[in-house]
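Each remark here refers to the structure printed beneath this line.
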Ligand SMILES: [Zn+2]
């Protein structure tokens, strides 16, 4: 059995490995990714992906765009997204969501071969607005 290098939790096959070779359980992957986002204000060192989730609400099923890390343990609901075309005919999707710091974060995805979203913090704070 392997152990998480951060919290000591035993992990079986479900763990992530950092660039430095650390073994992290999924909750610690979320903590590390969140720390990195908070520190740098962008996702240059954290791979973030988009997904669409169906949620049951009182008004029926709602499709919500989410931005998440690889194990899906860090996840942000988007309050807005916009599908469009990139200049070479590829797909482009823009996302806006409330980041880990109560700021609006903006993400953009290009192409169809992956679902990676490049995200960064904007200057807009949601602390007072919401
Ligand atoms: Zn851990």
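Distance from the alpha carbon centroid of segment 49-65 to that of segment 1-25 works out to 31 angstrom.
Here the average projected area of the convex hull drawn through the C-alpha atoms of the chain stands at 10.4 nm². Scoring 98-107, 33-42 by mean Cβ neighbours within 10 Å over their residues and listing the highest first yields 98-107, 33-42. The C-alpha atoms of the chain define a longest principal axis, and helix 26-40 lies at about 60 degrees to it.
Every helix of 4 or more DSSP H residues in the chain counts as -39500 (n - 2.57), and over all residues that averages to -4000 deg cm²/dmol at 222 nm. Sorting 23-32, 116-125, 68-77, 4-13 by average packing, meaning the other beta carbons within 10 Å per residue, from highest down gives 23-32, 68-77, 116-125, 4-13.
A straight chain from residue 114 to residue 85 at 0.36 nm per residue would run longer than the Cα-Cα distance by 8.9 nm. Full extension of the chain segment joining residue 64 with residue 23 gains 11.6 nm, where the gain is 0.36 nm per residue of separation less the Cα-Cα distance.
Read-outs: derived from the displayed coordinates by stated rules, not from any lab. The structure displayed is predicted, hence computed values, not measured ones. Glycine also receives a Cβ, built like all others from the backbone with ideal geometry; neighbour counts cover every protein chain displayed.
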